[in-house]
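A.B. asks: I have a structure I would like to understand better, so I am pasting it below and will then ask my questions one at a time.
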Amino acid sequence: MSTQTPIPPLRERAAWAALSDHFAEVSTRHLRELFDADATRGERLVAEGAGLFLDYSKNRVTEETIALLLALAEQSGLAERTAAMFAGERINVSEDRAVLHVALRMPQGTTLIVDGRDVVAEVHEVRHRMAALADRIRAGEWLGHTDRPIRNVVNIGIGGSDLGPVMAYEALRHYSARELTMRFVSNVDATDFVEATRDLDPAETMFIVSSKTFTTLETMTNARSARDWSLAALGDESAIAKHFVAVSTNAEKVAEFGIDTANMFGFWEWVGGRYSMDSAIGLSTMIAIGPENFDDMLAGFHAMDEHFRDTPLQRNLPALLGLLAVWYGDFFGAQTVGVMPYEQYLKRFPAYLQQLTMESNGKHVTLQGRHVDYQTGAIFWGEPGTNGQHSFYQLIHQGTKLIPVDLIGFGRSRNPLGDHHDLLMSNVFAQAEALAFGKTEAEVRAEGTAEAVVPHRVMEGNRPTNVILCEELTPYALGTLVALYEHSVFTQGVIWDIDSFDQWGVELGKALAQRIIPELESATEPELAHDSSTNALIRRYRAMRA
Ligand code: F6P
């Protein structure tokens, strides 16, 4: 268990009460008014760190709000909990585990002793083995069973063993070895595997079976199909050693599956699945972009780790982002947060963030196991800009729900082409402006709008945004961006006093599925003892599949 002293329940912290009073006053104020009252607001309510710039001036806050949120962070023990995480204390209390993804990006030569072992040295030892494999594949020197070089790499994994690798591959495609074909299989729906492999030659294909536990139904099912697919073409069990590697914490299960543990890349129980893209789970990323670029990505993660750990809260990007999420969720009652990267390469970033944020903070009890009496994790969602503008932005602009939005933009495109990038970025600034200030009745009338249409064209504004800017989407920048959200999630979890690092909620569905599988597959009519709806659905499915 963590040695941290318990903090008072959220509603009993002085800053929470002060924020509740303060909310009544600030919630009636419009961003137009806040900007009119302070000509320098847009230059002052900003923060910078690890190469990222955050403009949070278009939030429904005053400086008093920020001061109170910072006080809340202090009274919630954010500094102590952060120190505990970095020191390797067992802050994941329900699983009694340390939470040390920050150790995955600590530079070589630094030391962090946990349970008598230098975890940084262990991390770098695995990284060197990963780099040796990546270099051989990239150089065409890793030969398959028939002596042909590996040209296709298929990562099989799900959740944290898939979303990070896919996201990073898409985000850093510009840096990837284009002669290699990278594919990702996650869904137990056979279509995923079949479509991902249909044009691949088994003689040139390597599978990376990525699973922390090496027991996940989807991944093990896909891994078995991959083995059958390879053996059907290569014909010989000895082919497995040249076409399969594993990334896991579970050597026993890896060996049981038939993968030589010499071809296994390990990580540790203190790396949560959704925090693992920079562990050996990132093997596919490293193969795609090369070990040096992978190291740059880790340097970006590390820079944001240091920024988060060492920067005073009022200039601390992840802390500010996390506190603003709490402000909207718990005081304004906002249910969701939109994250819109204005960068096509980040198209899978919202999907990645969904697991990071929602599996982490979708919790209903405190660390002490008491039911919370406040809102916890928001629903995160998003699409790359400008696509979202032509589908769901209407609801953000004129709907009845308050949706805080993060808009992420870059100074330079990886693919400069005419004026595309200026057009793209003009939309970042325009959306933030339109959401904040809208258009008044008077402005609509002044445009000569017919009276009956005036209410339809009024934009109330007062919709909050954060604008996050970065020079260029490099591996380093990607690392900073992911770590920004990791630590924002952590900040929120500390305020809510929840365990952001377990995921018990997904277990029940998995257990029930295990019970239902034989009921679907049995040759004779099974005795069903579920509720009447589940029983009827199983019977109907059995009739349909027959
Ligand atoms: O089902 C949830 C989960 O446990 C995630 O937390 C995890 O990322 C995913 O399953 C995959 O788990 P594994 O890497 O053990 O296959």
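Read-outs: derived from the displayed coordinates by stated rules, not from any lab. Here the structure is a predicted model, which is why all the values come from computation and not from measurement. Ideal geometry is used to build each Cβ from the backbone, glycine not excepted, and the neighbour counts take in all protein chains shown.
A.B. asks: Any residue in the range 254-270 that is in contact (Cβ under 8 Å) with a residue 60 or more places away in the chain sitting within a Cβ distance under 6 Å of a residue that is assigned to a strand (DSSP E or B)? List the pairs, counting only those 6 or more apart or interchain.
C.D. replies: As it stands, the answer is F265/V247; E269/R97; W270/R97, since those pairs meet every condition given.
A.B. asks: Still on this model: So which pairs qualify, if the first residue must be in the range 158-181 and at negative phi and free of Cβ contacts under 8 Å to residues at least 60 places away in the same chain, the second must be of a type in the set (G, A, S) and part of a strand (DSSP E or B), the Cβ gap must be under 8 Å, and the two must be at least 6 apart or on different chains?
C.D. replies: Close Cβ pairs satisfying both conditions: D162/S210.
A.B. asks: Applying the selection to the range 215-247, what residues are in contact with a Gly (Cβ under 7 Å, 6 or more places away or on another chain) and either among the hydroxyl-bearing types (S, T, Y) or surrounded by fewer than 19 Cβ atoms within 10 Å (Cβ to Cβ) (or both)?
C.D. replies: T219
A.B. asks: Taking only the range 181-212 into account, find how many residues are surrounded by fewer than 19 Cβ atoms within 10 Å (Cβ to Cβ) and closer than 30 Å to T480 by Cβ.
C.D. replies: 1
A.B. asks: Here's another thing I want to ask about it. So is S94 at negative phi, touching a Leu at 6+ places or on another chain (Cβ under 6 Å) and assigned to a loop (DSSP other than H, G, I, E, B) or not?
C.D. replies: no
A.B. asks: OK, next. Which members of the range 373-392 meet the condition of being in contact with a Leu (Cβ under 9 Å, 6 or more places away or on another chain) and within 23 Å of P8 (Cα to Cα)?
C.D. replies: D373, Y374
A.B. asks: Assess whether A303 counts as being more than 16 Å from the ligand (Cβ to nearest atom) and either assigned to a loop (DSSP other than H, G, I, E, B) or in contact with a Cys (Cβ under 6 Å, 6 or more places away or on another chain) (or both).
C.D. replies: no
A.B. asks: Are there any pairs, at least 6 apart or on different chains, whose C-beta atoms fall under 7 Å, with the first in the range 45-71 and free of Cβ contacts under 8 Å to residues at least 60 places away in the same chain and the second of a type in the set (G, A, S) and not in a loop (DSSP other than H, G, I, E, B), and if so, which?
C.D. replies: Close Cβ pairs (under 7 Å, with a partner that is of a type in the set (G, A, S) and not in a loop (DSSP other than H, G, I, E, B)) amount to S57/G42; L68/A15; L68/A18; A71/A15.
A.B. asks: Is it the case that the range 134-155 has a residue that's under 21 Å from the mean Cα position of the chain (by Cα) and either within 23 Å of Y485 (Cα to Cα) or away from the ligand (no atom under 16 Å from the Cβ) (or both)?
C.D. replies: No, every residue in the range 134-155 fails to be under 21 Å from the mean Cα position of the chain (by Cα) and either within 23 Å of Y485 (Cα to Cα) or away from the ligand (no atom under 16 Å from the Cβ) (or both).
A.B. asks: Taking the options T205, T311, T213, T221, name whichever one is in contact (Cβ under 8 Å) with a residue 40 or more places away in the chain and within 16 Å of the ligand (Cβ to nearest atom).
C.D. replies: Answer to the selection: T213.
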